[in-house]
Amino acid sequence: MFKTTVVGSYPVVKKEKLNFLDKVKKIFGVYDEYKYSIEVAVKDQISAGIDIISDGQVRGDMVEIFTKNLFGFQDKIVVNKIEFVKPITLKDLLFAKKLAKSLKNNVEVKGIITGPCTIAYSVRDEFYSNKEELIIDLAKALRKEVESLVKHTPIIQIDEPILSTGMVDFDIAKRAIEIITKDLNVEISMHVCGSVHKIIEELNEFNVNILDHEFASNRKNLEILERINKKIGFGCVNTKSKKVESPEEIRDLIEEGLEILKNNKNIKDLKSSILIDPDCGLRLLGREIAYNKLKNMVKAVNLISL
Ligand SMILES: [Zn+2]
């Protein structure tokens, strides 16, 4: 059946009671409180039955993780030429992967980066003379981050939610994504939440294999399924609502999408063209809600017969 995945972020759960070793580590300043958060995210995703999981992106919001670790930023202000220093998300990906493999055989952990346009539009720029230069330098730095990940994962996701706002020049965005994705031997997915039905022709031109969008909280987006020319990341669980959808409800939405896709001449084989996931990250939901949403999503997929 269809493979399932997540967009990336998971509620951050911290350990309530530190054990002796944790306390010693804390004294020496080497205690990493987020390791436990990654463990929770990995275990929950696997227990829910997700095929391609994430490390939970627990270390901060999607922009912060990168601005903190790229050269050129002071908090979220650009004060110098942006440069890559050292791998940012690799350590967590490897930790999640090791843990995942110890729990289940056929599970993959995807690499996730925040896109250059989304970072560029979320920071204050006091260095570059225009957005284009900032975006291109961010893309070059993120390319190095991606190069550090590709040996360890079969799928890289680029989060570019800013593209649905109409603020970004698509030619610059396309060039930036091309810098990051050129000649890589992995699947590349681009996640853009928000309304995309008016920009699907633009998105079709990006150098990525999968376009990942929200359909549960945005039914109008279903229209793109007639015209999309890539694989689809089908967001079918509302991540803005705390209500846990029933498996049947989620199944109905997926089936609605499948009906439209059957008329899409670009899609040769339905089964391998769709990845099922939630609309967006789960970070802001409580752990129990996030977990149950994933569990019901997997149940929904199992209710579908092609
Ligand atoms: Zn999103």
Here the residues within segment 1-14 that are over 18 Å from residue 157 (Cβ atoms) and either away from the ligand (no atom under 16 Å from the Cβ) or of a type in the set (A, V, I, L, M, F, W, C) (or both) are 1, 12, 13, 14
Count, please, the residues in segment 39-50 that happen to be assigned to a loop (DSSP other than H, G, I, E, B) and crowded, with 20+ Cβ neighbours inside 10 Å. 1
Yes/no for residue 285 being closer than 23 Å to residue 44 by Cβ and within 16 Å of the ligand (Cβ to nearest atom): yes
Can you tell me which residues in segment 14-38 are part of a loop (DSSP other than H, G, I, E, B) and aliphatic (A, V, I, L, M)? 18, 30
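Each row is one residue, and each column tells you yes or no for (1) in contact with a strand residue (DSSP E or B) (Cβ under 7 Å, 6 or more places away or on another chain); (2) among the acidic types (Asp, Glu); (3) surrounded by 21 or more Cβ atoms within 10 Å (Cβ to Cβ).
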site: 96; (1), (2), (3): yes, no, yes
site: 103; (1), (2), (3): no, no, no
site: 106; (1), (2), (3): no, no, no
site: 119; (1), (2), (3): no, no, yes
Scan segment 224-232 and tell me whether some residue there is at pLDDT 95 or above and within 16 Å of the ligand (Cβ to nearest atom). yes
Filtering segment 77-106 down to residues that are part of a loop (DSSP other than H, G, I, E, B) and at pLDDT 95 or above, which residue is nearest to residue 47 (Cα to Cα)? 89
Inside segment 15-53, the number of residues satisfying the requirement of being of a type in the set (A, V, I, L, M, F, W, C) and closer than 20 Å to residue 155 by Cβ is 8
Check 275, 258 and return the single one that is among the aliphatic types (A, V, I, L, M) and touching a Gly at 6+ places or on another chain (Cβ under 8 Å). 275
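The values are calculated or read from the model by the stated rules, or taken from the named source; none is laboratory data. Here the structure is a predicted model, which means the values were calculated and not measured. Methodologically, a virtual Cβ is constructed for each residue, glycine included, from the backbone with ideal geometry; neighbour enumeration extends over all protein chains shown.
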